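Let me begin by presenting the structure, written as structure tokens, before commenting on it.
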Amino acid sequence: MNLPLNTIAMLHTVPGLVPDMEAKAKDAVPGLRVMHYVDESLLHDTIALGTTPGHVRRRLVNYARYAEESGAQALLVTCSSIGEAATAATDFVSIPVLRIDAPMAKQAVLTGERIGVLATLSATLGPTTRLVQDSAKEQNKKPTINPRIVGGAFDALRAGDRGKHDSLVLAAFSELAGECDVVVLAQASMARVLNETLVSPDGPTVLASPDSGVAQLSGLFPSKDS
């Protein structure tokens, strides 16, 4: 198998994320080769049950094993809804299985004592909130965490109405902003509204997962300058 030294795999449940995530990864690690696995059913089944079912967890383990066997040095799971299954999959392979939202959760705890978690899916809200709670425990902090669901936004996005999705997210953010020092956007698909939420210098810090989630890849590979 003649793969470049620096090779990672990504597992997506939203096909539209592939081009942007690959570009971010190659910015973080020049010369990186990225292998993409796309499986929308992982998210669909999780949404249907409101939690990550056993068969989704088993399939994620299989994707991690396939990534390892294919020569990838890590698997980055870009879907926050199945993030807890990604953590569990680490026990079954020798390569890191990374959650895209893990660095964001850590940064949220470092940034403020009042943390808002905004999600368009209840299946994402729970895992992301628990991730922030776990990060707080690791840092010996006890922030106030305020989870909030954006009703109707995911259905709008699934129907192709990005404008409605973004307006609903912004409205929910505006309600949450006054109660928080930092607001976490739980899904990568919400990141497109990030710039609009930063228009007020007096507002809370806003964190989204794609940039920080991909930036963690740079720590896996030694710099050519070192």
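The values are calculated or read from the model by the stated rules, or taken from the named source; none is laboratory data. Computed from a predicted model, the values in this text were never measured in an experiment. For neighbour counting, all protein chains shown are included, and Cβ atoms are generated from backbone atoms with ideal geometry for every residue, glycine included.
Would you please list the contacts, defined by Cβ atoms under 8 Å and residues six or more apart or on different chains, that run from a residue in the stretch 92-113 that is outside any helix (DSSP H, G or I) to a residue that is of a type in the set (Asp, Glu) and surrounded by fewer than 18 Cβ atoms within 10 Å (Cβ to Cβ)?
GLY112/ASP181; GLU113/ASP181
When both residues are 6+ apart or on different chains and their Cβ atoms are under 6 Å apart, which pairs have a first residue that lies in the stretch 38-50 and is in the same structural domain as VAL77 (by TED's automatic domain parsing), and a second that is of a type in the set (Gly, Ala, Ser)?
Final answer for the pair search is LEU43/SER81; THR46/SER81; THR46/ALA123; ILE47/ALA123; GLY50/ALA123.
Going by the structure shown, is VAL117 touching a Lys or Arg at 6+ places or on another chain (Cβ under 8 Å) and over 16 Å from LEU43 (Cβ atoms)?
Taking the combined requirement at face value, the residue satisfies it.
Only one of (1) surrounded by fewer than 20 Cβ atoms within 10 Å (Cβ to Cβ); (2) at pLDDT below 95 fails for LEU121. Which number is that?
Condition (1) is where LEU121 drops out.
Determine which member of the set VAL77, VAL29, VAL34, VAL56 is over 21 Å from VAL214 (Cα atoms), surrounded by 18 or more Cβ atoms within 10 Å (Cβ to Cβ) and β-branched (Val, Ile, Thr).
VAL56
State which residue pairs qualify: first residue assigned to a helix (DSSP H, G or I) and inside the stretch 149-178, second residue aromatic (Phe, Trp, Tyr) in any location, beta carbons under 9 Å apart, and separation of 6 or more residues or different chains.
Correct list of pairs: HIS165/PHE154.
Can you pull out every residue in the stretch 146-181 that is among the aliphatic types (A, V, I, L, M) and either under 18 Å from the mean Cα position of the chain (by Cα) or over 23 Å from CYS79 (Cβ atoms) (or both)?
Result: ILE149, VAL150, ALA153, LEU157, VAL169, ALA171, ALA177.
Which members of the stretch 13-53 meet the condition of being under 16 Å from the mean Cα position of the chain (by Cα), closer than 15 Å to CYS79 by Cα and of a type in the set (Gly, Ala, Ser)?
Within the stretch 13-53, GLY16 is the sole residue that qualifies.
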